[in-house]
Amino acid sequence: MKKKLLSALLSVALAATLLVGCGNGNNTEQTDAPAADDTQTEAPADDGGSASGGGELIGVSMPTKDLQRWNQDGENMKAQLEAAGYEVDLQFASNDIPTQVSQIENMISGGCKLLVIASIEGDSLGTVLQQAKENNIPVIAYDRLIMNTDAVTYYATFDNYLVGQKQGEFIVEQLDLENAEGPFNLEIVTGDPGDNNVNFFYGGAMDVLKPYIDSGKLVVKSGQIEKADVATANWATDAAQSRFEAIISSYYSDGTNLDVVLASNDSTALGVVNALEANYTGEWPLVTGQDCDVANVKNIIAGKQSMSIFKDTRDLASKVVEMVDAIMKGEEIAGLDTETYDNGTGVIPSYLCEPVFADVNNYKEILIDSGYYSESDLQ
């Protein structure tokens, strides 16, 4: 996808950041619920150096530290924005909506010139973002589309329909559904119903798998197929584990084989694996995932999880830095999707990074050779 060319100096700064990797690149600890004066940081004056950001203050709001991916997203964003010359107020909201609202309010009152927000719940930020709009503060929705507010300027994410599609295609290929006689037993676990991405993860996968369900080649013994029935509040591992333990007890306790579990992400996949290890006696099923969290990659190596969609947050952070820089300079952002992501007030211009999947055959190339993890991280 064509990207807008930035200044050569910004490109050098970003390239240097990518070479060292960003997953563990910043050791500054951020509190989940800071006092108001923690966010009222005065942006430093431009020191005339090589970075292009001019010291403007950018607010970055992440949902939680409880999931590995949000730690990595936040720290990648902070490192690359700082390398581009911006001051950054990075906050994590402990998966608590009032906390996130309060933190964003503090960012607005503290002088942030632009906000990058990964929302906890897509419909919860309309009021506080109206304050941003009234103060002419652009908003980039990060990874999760913020719904039902016209204060969102842009959306930056991975192609989330493609995430689900790749999970579904992996299942089709691994079970050879085009040729195998079947039937195969399938169960489904997706994420928080308040996260708009669930619609795309679930939709992409089900568009691939539903024909096989309808034909009877894939059988969901629990009968839990509809999105509302397979949701997992807060993407929580313990909630996924509890639900899956009930499924195993009710439908697979007699030795019936479970052939495959469509798990939308790694935190839910971890709950599935925990439940299987504790209660399941049949042949081990295929288990999908997303995010390539350390615990899950270890499970892939151990044969407990079959694959995980890899979304390199360094790439997404790089694009967001480009978007921030263009917005702050009043320049056009090229290569945006202007058809797909409607937040209820209209289509939000969106940048989509392409995900890939990692399994036991390619994880070293994708995760270690790229510098995302080291060998020791996965031991």
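The values are calculated or read from the model by the stated rules, or taken from the named source; none is laboratory data. All values derive from a computational prediction rather than experimental measurement. Here Cβ is always computed from backbone atoms with ideal geometry, including for glycine, and neighbour counts include all displayed protein chains.
What do you reckon, is ILE146 farther than 22 Å from ALA233 by Cα and either assigned by TED's automatic domain parsing to the domain that holds GLU75 or of a type in the set (Asp, Glu) (or both)?
Judged against the criteria, ILE146 is not a match.
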| said: Can you find a residue that is basic (Lys, Arg) and either touching an Asp or Glu at 6+ places or on another chain (Cβ under 9 Å) or not assigned by TED's automatic domain parsing to the domain that holds ASN296 (or both) anywhere in the range 111-126? | reply: yes
| note | Checked the range 222-241 for anything modelled with pLDDT under 95 and either in contact with a strand residue (DSSP E or B) (Cβ under 8 Å, 6 or more places away or on another chain) or assigned by TED's automatic domain parsing to the domain that holds ILE97 (or both); matches are none
| In the range 263-283, how many residues are of a type outside the set (Phe, Trp, Tyr) and farther than 21 Å from PHE170 by Cα? | 7
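Based on this model, can you work out whether THR338 counts as more than 18 Å from ASN76 (Cβ to Cβ), among the hydroxyl-bearing types (Ser, Thr, Tyr), surrounded by fewer than 13 Cβ atoms within 10 Å (Cβ to Cβ) and out of contact with any Phe, Trp or Tyr (no Cβ under 8 Å at 6 or more places or on another chain)?
Values: more than 18 Å from ASN76 (Cβ to Cβ): yes; among the hydroxyl-bearing types (Ser, Thr, Tyr): yes; surrounded by fewer than 13 Cβ atoms within 10 Å (Cβ to Cβ): yes; out of contact with any Phe, Trp or Tyr (no Cβ under 8 Å at 6 or more places or on another chain): yes.
Spelling it out, THR338 is indeed more than 18 Å from ASN76 (Cβ to Cβ), among the hydroxyl-bearing types (Ser, Thr, Tyr), surrounded by fewer than 13 Cβ atoms within 10 Å (Cβ to Cβ) and out of contact with any Phe, Trp or Tyr (no Cβ under 8 Å at 6 or more places or on another chain).
Yes/no per residue for (1) among the basic types (Lys, Arg); (2) crowded, with 24+ Cβ neighbours inside 10 Å; (3) in contact (Cβ under 8 Å) with a residue 40 or more places away in the chain:
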{"residue": "VAL273", "(1), (2), (3)": "no, yes, no"}
{"residue": "GLU277", "(1), (2), (3)": "no, no, no"}
{"residue": "GLU283", "(1), (2), (3)": "no, no, no"}
{"residue": "GLN290", "(1), (2), (3)": "no, yes, yes"}
{"residue": "ASN296", "(1), (2), (3)": "no, yes, no"}
{"residue": "ILE309", "(1), (2), (3)": "no, yes, yes"}
{"residue": "ASP315", "(1), (2), (3)": "no, no, no"}
{"residue": "VAL321", "(1), (2), (3)": "no, yes, yes"}
{"residue": "VAL324", "(1), (2), (3)": "no, yes, yes"}
| query | Among the residues of the range 301-312, how many are farther than 22 Å from ARG243 by Cα, in contact with a strand residue (DSSP E or B) (Cβ under 9 Å, 6 or more places away or on another chain) and either assigned to a helix (DSSP H, G or I) or of a type outside the set (D, E, K, R) (or both)? | reply | 2
| query | Out of all the residues in the range 76-98, is one or more surrounded by 20 or more Cβ atoms within 10 Å (Cβ to Cβ), farther than 19 Å from TYR154 by Cα, among the charged types (D, E, K, R) and at pLDDT below 95? | reply | no
| said: What are the pairs with Cβ atoms under 6 angstrom where one residue, in the range 225-239, is buried (at least 18 other Cβ atoms within 10 Å of the Cβ) and the other, located anywhere, is of a type in the set (A, V, I, L, M)? Sequence gap at least six, or different chains. | reply: VAL230/ILE188; VAL230/VAL189; THR232/ALA239; THR232/ALA240; THR237/LEU270; ALA239/ALA233
| note | Contact list, first residue from the range 73-86 and aromatic (Phe, Trp, Tyr), second anywhere and part of a helix (DSSP H, G or I), beta-carbon distance below 9 Å, six or more apart or interchain, is TYR86/VAL321; TYR86/VAL324; TYR86/ASP325; TYR86/MET328
| Listed residues PHE201, PHE244; which is outside the structural domain of SER119 (by TED's automatic domain parsing), over 28 Å from ALA156 (Cβ atoms) and either touching a residue at least 60 places away in the same chain (Cβ under 8 Å) or surrounded by 23 or more Cβ atoms within 10 Å (Cβ to Cβ) (or both)? | PHE244
| query | Can we say MET62 is more than 23 Å from ASP312 (Cα to Cα), aliphatic (A, V, I, L, M) and buried (at least 24 other Cβ atoms within 10 Å of the Cβ)? | reply | no
| Among the candidates ASP195, ASP207, ASP266, which residue alone is surrounded by fewer than 22 Cβ atoms within 10 Å (Cβ to Cβ) and not assigned by TED's automatic domain parsing to the domain that holds ILE97? | ASP207
| task | Please specify each residue of the range 267-294 satisfying the condition of being acidic (Asp, Glu) and in a helix (DSSP H, G or I). | result | GLU277
